[in-house]
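Inspection log for the structure reproduced underneath, given as structure tokens.
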Amino acid sequence: MTQAITSWETEVMPYVRNVPWPAFLNAVRDAAITFCEETSLWVDTLDRISVDADTAEYALTDPDNAEIYGTDEVKYKADGAEDSQFKTLHPMSENQEDLHRRGSWKFQTGTSPSHFMLDADKTLILWRIPTLASTEGLLVKVILRPDKICTVLPDVLYTDHYKTIGRGARAGLFGQSAQPWYNDEAEGKNMAEFNTDIANAKMRKIDRGTKRKMAVRMREWI
């Protein structure tokens, strides 16, 4: 579900007078992009990907009105296995592995992958390179941000973060020093509130919206 960017009109236009319509749309879009980048709250699961034997790289496709900003979770299962057999793959960094491993570590193979990397062009790289194929064996949940020309935003931004996006949009507009609506004090106030909302949203994602004290789990070393 999506909401039109124009839905934020009453949260922005009455506060920043004489703003052209395109500037308003850009400000809301930019605020939404920043919010999604900072919080990683907008996630979605892509269509399942079939794994080919001896193939490490799989191009990920951006959904409509969005760009893939990162990975939230990657799971793999052997060919023909039940969904209950999906196992979580661990993220890894090529730069870090180059520092700590010797030789052609990147080309090592195995019957199934244990780790993954995501390169700059949104290609998912499996490691070790699987020697066995798996039909629809890869399940990828990605972190998204709005693309730069979208006219709609994900419904969650409207239902849960409507005022936050409005504050970010107003801060962006008030901060345009070359424009007649520039207002340094209003920019600072709205930006402070926007940043506070972002911090609260990050914390809410960590604790999953509960009041239960969360335990810290040690990361598994590669």
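Here are a few things to note about the model shown:
- CD proxy at 222 nm, helix term only [per DSSP H run n ≥ 4: -39500 (n - 2.57); per residue of the chain; nearest 500]: -11000 deg cm²/dmol
- Of all DSSP-defined beta bridges confined to the chain, some 85% are antiparallel rather than parallel.
- Extension gain from His115 to Thr196, taking 0.36 nm per residue of separation minus the Cα-Cα distance: 25.7 nm
- Scattering profile of segment 1-103 at q = 0.14, 0.18, 0.21 Å⁻¹ [log10 I(q)/I(0), Debye over alpha-carbon scatterers]: -0.80, -1.05, -1.25
- Proximal aspartates and glutamates to Lys75, defined as alpha-carbon separation beneath 17 angstrom and excluding residues fewer than eight positions away on the same chain: Asp44, Asp47, Asp52, Glu57, Asp83, Glu136, Glu220
- Summarising the amide proton neighbourhood of Val152: residues at separation of 5 or more, or on other chains, whose placed amide H is nearer than 5 Å comprise Ile5.
- Per-residue extension of 0.36 nm, minus the Cα-Cα distance of Thr45 and Glu94, leaves a gain of 15.2 nm for this segment.
- Across the chain the C-alpha pair distances fall into 10 Å bins from zero in the proportions 7, 27, 26, 21, 13, 5, 0 percent.
- The long axis of helix 21-39 is offset from the longest Cα principal axis of the chain by roughly 40 degrees.
- Over segment 43-145 - Rg/Rh using Cα atoms and the Kirkwood inverse-distance radius: 0.96
- With respect to the chain, whose longest principal axis is taken over its alpha-carbon atoms, helix 155-174 is tilted by about 50°.
- Extended-chain gain in nm, criterion 0.36 nm per residue less alpha-carbon gap, Met13 and Thr159: 50.6 nm
- 24 Å Cα-Cα reach of Lys77 towards lysines, excluding residues that sit fewer than 8 places from it in its own chain: Lys87, Lys106, Lys122, Lys141
- Positive-end extreme of charge dipole, segment 25-102 - chosen from Tyr76, Pro63, Leu46 (charges on Cβ): Tyr76
- Each label point was placed 7 Å from the Cα along the Cα-to-Cβ direction; for Gln108 and Glu185 their separation is 6.2 nm.
No lab work stands behind these numbers, since they all come straight from the coordinates. For clarity, every value in this text was computed on a predicted model and none was experimentally measured. Reconstructed Cβ throughout: ideal geometry from the backbone, glycine too, with neighbour counts over all protein chains shown.
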